[in-house]
Structure formats: C-alpha cells, structure tokens
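A short worksheet on the structure shown next.
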DNA sequence: CCCTTATATGATACACAGTGACAGGAAAGA
DNA sequence: TCTTTCCTGTCACTGTGTATCATATAAGGG
C-alpha cells in the first residue's frame, strides 16, 4: 500500500508553468482500494481493467470515480498516465520516470528496465525558442507470446 | 505533390508480422487533394484540421473519407501517424523517421531536427523475449509563444 | 464522541474521436 | 466506350472519457 490510511499525500510539487490540479484531500475507501490495486510491478492497466479489479473490493464503485481518481492521482504525481491518441489510456502505479515497451499485436505494455537502454549521455536536445521539460520514449515490437502464435 | 496523377504508389513494404493494409489502388480527386494538402514542412494537423482545409478544394468530401485515407496512407508508409501527442491523432506528410516536439500548453507539434538530438550511441535496447521493431520519442515542453504569454 | 462542512461518490446524460455498413459514383485498364 | 472494382458520402454507431448534481462521508473542531 502506498499511503497509510488517513495520511494526506504530499502536495503536488510545483513545476514550471504547469497548471496544478486539485490534489487529494481525503483518503476515501475507494481511493485507498484503487491505490492498493495499482501498486503492482510492471502492470499497466486501462481504466476499464482497474475498474473490474477494484469492483471485487468495492462492488458499487462507479467507473466515473475510477476515471476521476486516476486523473487526480496522475496529475498529482502519484501514478503515471500513459497516453496515446486514438487508443485507450493506460496507467502505471510507478511514478518515477521510465520507458515503456508496447506489443504492436496484443497492445500490452511493459516497463523497460533502465539497464536495457544504452546511450552514453542521457539524451541531450536543444531547440531554439523551446523550453524542453521532458521526453517520452516508447519502444514497439512483438512480445514472445505474439511471436509464437504467428509462427 | 507527392505522386503524379495516375501513378500507383509502391506496394506496402513487407514487414515482419505486420498485417499489411490495403494499399492505394486509385488516385482519386479527394486523395490527390489530401496528399497535396499534407505536403507541407513541419505541419502536423489533426484529421479535423485536414478536413477543414481539404474542403476548400473539395467541399463535399466527408470526414470519413479523410479518416479512411489518412489511415491507408499512413499504414502504407506515405505519411506518418502521430499517436503519442495528446488525445487527437495527428498526421505528418513526412514519412521518414524523425522525432517530434510538443508544447504542453497549446498542444502544437513540431519536428525535431535530427542535428538537435545528441546521443553518442544510436540508442540500443535489448529486452529478453521481445522483438523490437522501432521506437517513438516525443519531447515535451513549452514553445516560445506560450512561454511569453505566461510571463 | 458527535457535529460541521467541504470534498468525494454514484448515477446518468453527454461529448468527442473514430469506425462500420452500404448504395451509388468514378478511376483505370480493356 | 465499357466493365470492373475500388472509393466516396451518408449516416448510424461504438468506445472512451467528461460534466452535472444530489447524496454520502472523511477529517478536523468542539
């Protein structure tokens, strides 16, 4: 579990020019379960998947509440939102920056271990007139299972 | 203009395990206009934006036709589909691999000139059990105009 | 421990981006 | 010009996520 019951999470860290969201004020039952469910390694569920799992513990939770909390938590920096236009968003309980790997066949997403990526300096970019605050890197390919199935 | 009228573009290049799309068979008026409109440097319109511009030359074109063609052309390799930047997909008339830059404030997307990116080894990744076919890299930050407006 | 109050929830309707189906239209080769 | 079959426009529809609002409840104070 990420946060002890009743403990307010840290306020959103200030970030250059980023409009800061409402942060968490209350640790509700639903929110606690949701955080607990998201706290697994190398798991990148869609909102729908989170919803189905959370319902085992909170059968009357609404999908809206799941979306609302996933949004709040990701904007607040507690979880990561993986956005790709045209597809379903995925969420990642791990808030520290890291890269992802996506199977082009089944759509599943995995973490890329830092040591698997080789570049000597962690990537330097300079574009005149632009203030760069970060980058997102997604690797694409085919997972072992999908490779097998297609042979 | 990318393709002379009446010239069929190259058939889709075969690619490991990728289901190949229907490729272009006919150079229709609508398709010609669309390709013409997309052929601008450093422009990354949404389907909606393309639609509005194409309609100046083909007022009765449907949004469905725009989507259909953007999809066919990108799968065929004539244009690039940008999925990682925001909620709406964007399209890029430039089919050669390159990176993009997105303003987190206005949502606009630009090309990153290759020489602006510095990494000593050209990015190497090895993940057991995974066949990597490519990667997508998106830089995020704030453009000059948005920086100014917020000061 | 109960009361108060603002935040969070559940229900529902809605918005948006993109897709599917299909009859009619028009490219391209004969 | 004719024929074939791919493509278009129309329109209904789906899936993902958002807005609204009455009700419920967490958290701090008395």
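Residues in region A:77-84: is at least one surrounded by fewer than 19 Cβ atoms within 10 Å (Cβ to Cβ), at pLDDT below 90 and within 16 Å of DNA strand D (Cβ to nearest atom)?
Looking for residues that are surrounded by fewer than 19 Cβ atoms within 10 Å (Cβ to Cβ), at pLDDT below 90 and within 16 Å of DNA strand D (Cβ to nearest atom), one finds at least one in region A:77-84, hence yes.
For residues in region B:47-58 being touching a helix residue (DSSP H, G or I) at 6+ places or on another chain (Cβ under 9 Å) and within 11 Å of DNA strand C (Cβ to nearest atom), which is nearest to the other protein chains (Cβ to nearest Cβ)?
By that ranking, first place goes to B:47.
Considering (1) modelled with pLDDT under 90; (2) more than 13 Å from DNA strand C (Cβ to nearest atom); (3) crowded, with 18+ Cβ neighbours inside 10 Å, say which one residue B:109 fails and leave the rest.
(1)
Sort out which residues of region A:59-72 are crowded, with 17+ Cβ neighbours inside 10 Å and either touching a helix residue (DSSP H, G or I) at 6+ places or on another chain (Cβ under 7 Å) or closer than 20 Å to residue A:108 by Cβ (or both), and write them in order of number.
Within region A:59-72, A:61, A:65, A:66, A:69, A:70 meet the criteria.
Taking residue B:28, is it more than 14 Å from the chain's Cα centre (by Cα), surrounded by fewer than 17 Cβ atoms within 10 Å (Cβ to Cβ) and free of Cβ contacts under 8 Å to residues at least 40 places away in the same chain? Please lay out each step first, then the result.
Values: more than 14 Å from the chain's Cα centre (by Cα): yes; surrounded by fewer than 17 Cβ atoms within 10 Å (Cβ to Cβ): yes; free of Cβ contacts under 8 Å to residues at least 40 places away in the same chain: yes.
In short, yes.
Got at least one residue in region B:85-94 being surrounded by fewer than 18 Cβ atoms within 10 Å (Cβ to Cβ), in contact (Cβ under 8 Å) with a residue 24 or more places away in the chain, within 12 Å of DNA strand C (Cβ to nearest atom) and under 22 Å from residue B:28 (Cβ atoms)?
Looking for residues that are surrounded by fewer than 18 Cβ atoms within 10 Å (Cβ to Cβ), in contact (Cβ under 8 Å) with a residue 24 or more places away in the chain, within 12 Å of DNA strand C (Cβ to nearest atom) and under 22 Å from residue B:28 (Cβ atoms), one finds none in region B:85-94, hence no.
In region B:38-52, what residues are surrounded by 19 or more Cβ atoms within 10 Å (Cβ to Cβ) and without any contact (Cβ under 8 Å) to a residue 24 or more places away in the chain?
Passing the criteria: only B:51.
I'm trying to understand the selection: among the residues of region A:59-73, which are within 14 Å of chain B (Cβ to nearest Cβ) and either farther than 24 Å from residue A:102 by Cβ or more than 9 Å from DNA strand D (Cβ to nearest atom) (or both)?
Across region A:59-73, there are no qualifying residues.
The values are calculated or read from the model by the stated rules, or taken from the named source; none is laboratory data. No experiment lies behind these values; they were computed from the predicted model shown. Neighbour counts run over all protein chains shown; Cβ positions are idealised from the backbone, glycine included.
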